[in-house]
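K.L.:
Below you will find the structure I want to go over with you.
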Amino acid sequence: MKAKPLLSLFFLFTFLMNCSHEVEQIELKGIIPQPNSLIKAEGYFRMGRGIGMEFGEEFKESGAFLSEFLESAGISLMEGTDMVFVKDDALKTEAYELEINPNQILIRAGSDRGAFYAVQTLRQILPPDFEGSLRDIEFYELPCLKISDAPEFDYRGMHLDVGRHMFSVNFIKEYIDALAMLKMNTFHWHLTEDQGWRIEIKKYPKLQEVAAFRKQTLVGHYSDQPHQFDGLPYGGYYTQEEIKDIVAYAQARFVTIIPEIEMPGHSQAAIAAYPELGCTEEPVEVATKWGVFEHIYCPREETFTFLENVLDEVMELFPGEYIHIGGDEAPKKQWRECQECQELIKREGLADEDELQNYFITRIEHYLNSKGRQIIGWDEILEGGLAPNATVMSWRGTSGAVAAARQHHQVVMTPTSHCYFDYYQSENETEPLAIGGFLPLEKVYDFNPIPDELTKEEAQYVWGAQGNVWTEYMPTAEQVEYMAFPRMLAMSEVVWTNPDQKDYDDFVKRVEQFNKRLDVLDINYANHLYELNGQMKVEESKAFYELESLSQGKTIRYTLDGSDPDMKANLYESPIPITESVTLKARVFEGEESLGDVFEQEINYHKGLGTKIRIDKSAHKAYSGSGAVGLINGISGSDKRYGDKEWLGFWGEDITITIEFEEETLVNSISTRFHNGNGQWIYSPRKVLISFDEDSYFKEYSINSEGILVDFDAEFQEQKVKKIEIKIPNYGAIPEGNQGAGNKAWTFIDELIIN
Ligand code: ACM
Ligand code: ZN
């Protein structure tokens, strides 16, 4: 009986002994964005539970941030020189040096902002568990090193649309936290939309009472027909007190907020509150679905008075130099039909409605310039002439940027192709609903903000770049995080790191580590690092399926019998021979542990594989899939998306496809699918014509187009053929009353299955 307490005491004693001697040796796991110079040195700096720190008033924010960060992890601070901040006026505003020596941590910067970035680097050297949790470790050993770092671009931003969906003040702060951690310095806050006005303007209470709320919201994707609604009122706005709080929060993290007040378009919510702001003055509702709307501000004097009053309150709240005034997607239909607009065009000697838009934006610019502010606008503000001092945000490709830079205007790069984080990031069928498109991590990472066309001199006008997060399909904060991470990490490196220092494979390894930090921060990032990509290859009439994984140093296992791969499954070493229709399933393993989801690919082994295929027109550049061969590779396109590797898209063209067999082949059916997403201008053809060999007779198959995916099946008497010709006439002009009426329709075609 006596032995027990003694034994317990013994264990308690050894536990305490162990505890007090516990040392965590920290390994450098990678920093994002990658610093521009990092030299590792011998030895470690030993940091105990207490550490002496010194920083002066000039490092108030960076010092406070570091103190709080360390204290929340259980490190207490005292007077001393274990960690010092040194002012160095030779360093530019955002540059810093961080030295970890055996006896001291030294932060050198020319400003509090530069020191703040040194602190973010130091934060990332410390283990992920430092992010807000008390740790029970006696000593940490930090690897000695010297980092000298400075950003590639001065404008490093992220955008967030709170008009389509709105997010809590707390979430906005977390978003700003993430920007700051990644050394980004601008938050573009898109505050007004057709679907909701989100900033309190005291002079116009109906913006709060009417414009901030919509009566319901579209359910599903815009292209799903017919449109359905949830029947639930939605809305809200940020009060001026909340905005002041957020602005101060951002300032302490060296993030400037650029508020966006959209004009003349995307203003249906404001017009719903005050119909006299529109051309027709007729009542209109806050929009309940997505898209571009014809109700835009009428440029009459009273509208300018309204906007100037709104901007006065906006400037009061946001001290930064720049105000974003929108300018995008403003249909001119109402201006063309409005007597006041037409009189204004005459009176001002303007050529057309585009010049009227320029008049509109220039007036607003004069007003803001007179208050010491500058405007930024989407690239449409180039149409009809550019306001004299405007900065252009180039989103429709890069031609706006090129035009603006050549006119010596500053530009911010946000082309849809590389910067729209509302696009899908994976071709996986299980991805949550998104607006469309395809923008994987690597494509963001490879973005070069300087358009090729610019000379070195013109390139000076490229101020930087930003990722955009439009929230039509992001109803929750979790979904915003899923779409923004990890692509925001890639963007941070695009704008911070010198291109010579960039390396995608190395970046992926760092993302893998960084995800542990995001886990502790409870950020719902997307993880496609363990996803597989595959493609069919046909060589000498033999078909193979090739697999590829993004993360290095892992193994791939696969099955062909429909079962989920485990450790007993085949090890993937080279492309898999395919000789019949199979369901291929594959998965990434690290040792015996499986990572990520199972990759699944149906392979439909048909007689078209390995034939010669030719199409008389090239598919549209944006929808060229894997080329003509993609139509006979045994793999069908996605049921949900037409922008993948398998679908081919043609705009307004009649096409003829020719398929030639190596030798005469018995054939009795040809089938395929057409996409019929009328909301996106895509129409299944009305008929398909087929002929064999050199026969001039084409048999006509008419098509009954119902639903979004239209199956086409031609069955015929079995016959020996060497060559098949398939004519697919385009649908023609889009009928009146539909989206895009009068424009050419698209044709989207999937795998041609020949048996
Ligand atoms: C935009 O995406 N409409 C700027
Ligand atoms: Zn008008």
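What follows is calculated from the coordinates using simple rules that are stated; it is not laboratory data. Since the structure is predicted, the reported quantities are computational estimates derived from the model, not experimental observations. Counting neighbours? That spans all protein chains shown, and the Cβs are built from the backbone with ideal geometry, glycine included.
K.L.:
Past the 20 Å Cα-Cα mark, which pairs from Lys537/Lys640; Lys537/Lys585; Lys621/Lys744; Lys516/Lys554?
P.N.:
The pairs that break the limit, which is 20 Å between Cα atoms, are Lys537/Lys640.
K.L.:
Shifting gears a bit: Using only helices, what value at 222 nm comes out for the chain when you add -39,500 (n - 2.57) per DSSP H run of length 4 or more and divide by the total residues, to the nearest 500 deg cm²/dmol?
P.N.:
On the way: 17 runs with 180 residues, N = 755.
Calculated from helices alone, the mean residue ellipticity at 222 nm is -7000 deg cm²/dmol.
K.L.:
Compute the length gained on full extension between Glu138 and Asp154: take 0.36 nm times their separation in residues and subtract their Cα-Cα distance, giving the result in nm to one decimal. All intermediate terms of the calculation are to be shown ahead of the outcome.
P.N.:
Numbers: separation 16, 0.36 × 16 = 5.76 nm, distance 4.02 nm.
Gain on stretching Glu138 to Asp154: 1.7 nm.
K.L.:
Quickly work out the Phe438-to-Glu592 label distance, labels modelled 7 Å from Cα along the C-beta direction, and quote it in nm with one decimal.
P.N.:
Modelled inter-label distance: 3.7 nm.
K.L.:
Using modelled amide H (1.01 Å from N, peptide plane; none on Pro or chain starts), what sits under 5 Å from the amide H of Arg164, excluding residues fewer than 5 places away?
P.N.:
Result for Arg164 returns Thr471.
K.L.:
Which shape class applies to segment 46-189: rounded if a/c is under 1.5, otherwise prolate when a/b exceeds b/c and oblate if not, where a ≥ b ≥ c are the square roots of the Cα gyration tensor eigenvalues? Provide the component values of the computation, followed by the final result.
P.N.:
Details: a/c = 2.21, a/b = 1.38, b/c = 1.61.
It comes out oblate by the Cα gyration axes.
K.L.:
Quick one: grab the alpha carbon gyration tensor of segment 224-318, order the square roots of its eigenvalues as a ≥ b ≥ c, and give me rounded if a/c is under 1.5, else prolate or oblate depending on whether a/b is larger than b/c. If you can, show how the numbers build up before the last one.
P.N.:
On the way: a/c = 2.46, a/b = 1.35, b/c = 1.83.
It is oblate, given that a/c is not under 1.5 and a/b is not larger than b/c.
K.L.:
Given labels modelled 7 Å from the Cα in the Cβ direction, how far is it in nm from Ser581 to Ser691?
P.N.:
A separation of 3.1 nm, rounded to one decimal place.
K.L.:
Something else: Taking 2.2 N^0.38 Å as the expected size of a compact globular protein, what ratio does the Cα radius of gyration of segment 442-483 give against it, to two decimals?
P.N.:
On the way: Rg = 15.2 Å, N = 42, 2.2 N^0.38 = 9.1 Å.
Taking the Cα Rg and dividing by 2.2 N^0.38 Å, one obtains 1.67.
K.L.:
Let me ask you something else. At what distance in angstrom do the alpha carbon centres of segment 37-52 and segment 333-385 lie from each other?
P.N.:
If you average the Cα positions of each part, the centres end up 58 Å apart.
K.L.:
In what sequence, highest mean first, do 719-726, 663-670 appear when ranked by Cβ atoms within 10 angstrom?
P.N.:
Details: 719-726: 17.1, 663-670: 14.1.
The densest-packed peptide leads the list: 719-726, 663-670.
K.L.:
What is the spread of the Cα atoms of segment 472-561 along each of their three principal axes, largest first, in whole Å?
P.N.:
Taking max minus min along each principal axis of the Cα atoms, segment 472-561 gives 49, 37, 27 Å.
K.L.:
Kindly provide log₁₀ I(q)/I(0) values, in the same order as q = 0.19, 0.20, 0.23 Å⁻¹, from the Debye equation applied to equal alpha-carbon scatterers of segment 571-681.
P.N.:
Reported log10 I(q)/I(0), two decimals: -1.14, -1.22, -1.41.
K.L.:
Run the dipole for segment 33-127 about the Cα centre, Lys and Arg Cβ at +1, Asp and Glu Cβ at -1, nothing else charged, and hand back the magnitude in debye, nearest 20.
P.N.:
Values: 9 positive and 15 negative charges, 69 e Å.
Here the size comes out at about 340 debye.
K.L.:
Oh, and also: Expected output is a single nm value to one decimal: the length gained when fully extending between Lys346 and Val629, i.e. 0.36 nm times separation in residues minus the C-alpha distance. What is it? Write out the running numbers ahead of the final one.
P.N.:
On the way: separation 283, 0.36 × 283 = 101.88 nm, distance 5.60 nm.
Result for the pair: 96.3 nm of gain on full extension.
K.L.:
On average over all directions, what projected area in square nanometres does segment 110-267 have, based on the convex hull of its Cα atoms?
P.N.:
On the way: hull surface 57.5 nm².
Dividing the Cα hull surface by four gives the mean projection, 14.4 nm².
K.L.:
Hey, another quick one. For segment 192-251 and segment 566-580, write down the distance between their C-alpha centroids in whole Å.
P.N.:
A separation of 52 Å, based on Cα centres.
K.L.:
Taking 8 Å as the Cα distance limit and 6 or more residues as the minimum spacing, I'd like the relative contact order of segment 522-651 as a percentage. Write down the numbers at each step before the final one.
P.N.:
Details: 250 pairs, mean separation 26.4, N = 130.
Worked out over segment 522-651, it gives 20 percent.
K.L.:
Once you have a ≥ b ≥ c as the square roots of the Cα gyration tensor eigenvalues for segment 449-511, tell me rounded if a/c is under 1.5, and otherwise prolate or oblate according to whether a/b is larger than b/c. Mind showing how you got there, number by number?
P.N.:
Details: a/c = 3.70, a/b = 1.50, b/c = 2.46.
The shape class here is oblate.
K.L.:
Continuing with this model, one more query. Glu546 to Glu302: FRET efficiency via 1/(1 + (r/R0)^6), r the Cβ-Cβ distance, R0 51 Å, to the nearest 0.05?
P.N.:
Values: r = 64 Å, r/R0 = 1.26.
After rounding, the FRET efficiency stands at 0.20.
K.L.:
Could you list Phe171, Phe116 in order of exposure, starting from the residue whose Cβ has the fewest other Cβ atoms within 10 Å? Walk me through the numbers on the way to the answer.
P.N.:
Numbers: Phe171 17, Phe116 26.
Ascending Cβ contact count within 10 Å gives the list Phe171, Phe116.
K.L.:
Under 5 Å between amide hydrogens, which residues at least 5 positions from Ile105 or on another chain qualify, with H placed 1.01 Å from N in the peptide plane?
P.N.:
Distant-sequence amide H within range of Ile105: Met83, Val84.
K.L.:
Turning to a different aspect of this structure: Whose amide H sits under 5 Å from the amide H of Arg156, counting only residues 5 or more places off or on another chain, with H placed in the peptide plane?
P.N.:
Residues meeting the criterion, in which the H sits 1.01 Å from N, are Asn185, Thr186.
K.L.:
Taking Cα atoms of segment 31-125, Rg/Rh with Kirkwood Rh, to two decimals? Could the numbers behind the result be given before it?
P.N.:
On the way: Rg = 12.6 Å, Rh = 13.5 Å.
Rg/Rh: 0.94.
K.L.:
Quote to one decimal, in nm, the extra length available between Glu431 and Gln339 on full extension: 0.36 nm per residue of separation minus the C-alpha distance between them.
P.N.:
Values: separation 92, 0.36 × 92 = 33.12 nm, distance 4.84 nm.
Going from the current span to full extension adds 28.3 nm.
K.L.:
Is there a quick way to get the dipole size of segment 403-484? I mean about its Cα centre, with the Cβ of Lys and Arg at +1 and of Asp and Glu at -1; what is the value in debye to the nearest 20? Numbers along the way, then the final one.
P.N.:
Numbers: 3 positive and 13 negative charges, 78 e Å.
The calculated dipole for segment 403-484 is roughly 380 debye.
K.L.:
How about Lys183: which aspartates and glutamates have a C-alpha closer than 17 Å to its C-alpha, ignoring those fewer than 8 places off in the same chain?
P.N.:
Within the straight-line limit of under 17 Å, Lys183 reaches these aspartates and glutamates: Glu61, Glu94, Glu97, Asp112, Glu131, Asp149, Glu152, Asp154, Glu174, Glu493.
K.L.:
Whole Å is fine, so just give me how far the alpha carbon centre of segment 270-288 lies from that of segment 643-662.
P.N.:
If we compute the Cα centre of each part, the gap is 45 Å.
K.L.:
What are the ³J(HN,Hα) values, in whole Hz, obtained from phi via the Karplus relation 6.51 cos²θ - 1.76 cosθ + 1.60 with θ = phi - 60°, for each residue of segment 713-720 in sequence order, with x given for Gly and Pro?
P.N.:
Running phi through 6.51 cos²θ - 1.76 cosθ + 1.60 with θ = phi - 60° gives 10, 10, 10, 8, 4, 4, 8, 8 Hz.
K.L.:
Per 10 Å bin, what is the whole-percent P(r) computed from every C-alpha pair distance within the chain?
P.N.:
2, 12, 19, 21, 19, 14, 8, 3, 1, 0, 0
K.L.:
While we're here: For the ranges 620-629, 671-680, what's the packing order if you count other beta-carbon atoms within 10 Å of each residue, average per peptide, and put the highest first? Show your work: numbers first, answer last.
P.N.:
Details: 620-629: 15.6, 671-680: 20.6.
Order by mean packing, descending: 671-680, 620-629.
K.L.:
When you count, for each residue, the other Cβ atoms within 10 Å and take the mean per peptide, how do 459-467, 648-656 rank with the highest first? Walk me through the intermediate numbers first.
P.N.:
Details: 459-467: 22.2, 648-656: 18.3.
In descending order of packing, they fall as 459-467, 648-656.
K.L.:
Hey, quick one: spin label on Thr93, modelled 7 Å out along Cα-Cβ, who in segment 228-262 has an amide N within reach, i.e. under 13 Å?
P.N.:
254-257, by backbone N distance to the label point.
K.L.:
Now a separate question. State log₁₀ I(q)/I(0) for segment 257-366 at q = 0.11, 0.24 Å⁻¹ as given by the Debye formula over alpha-carbon point scatterers of equal weight, solvent excluded.
P.N.:
The computed values of log10 I(q)/I(0) come out as -0.34, -1.46.
K.L.:
To continue, here is another question. Only four residue types carry charge here, +1 at the Cβ of Lys and Arg and -1 at the Cβ of Asp and Glu. Report the dipole size of the chain about the Cα centre in Debye, rounded to the nearest 20. Could the numbers behind the result be given before it?
P.N.:
Working: 70 positive and 126 negative charges, 103 e Å.
The dipole of the chain has a size of about 500 debye.
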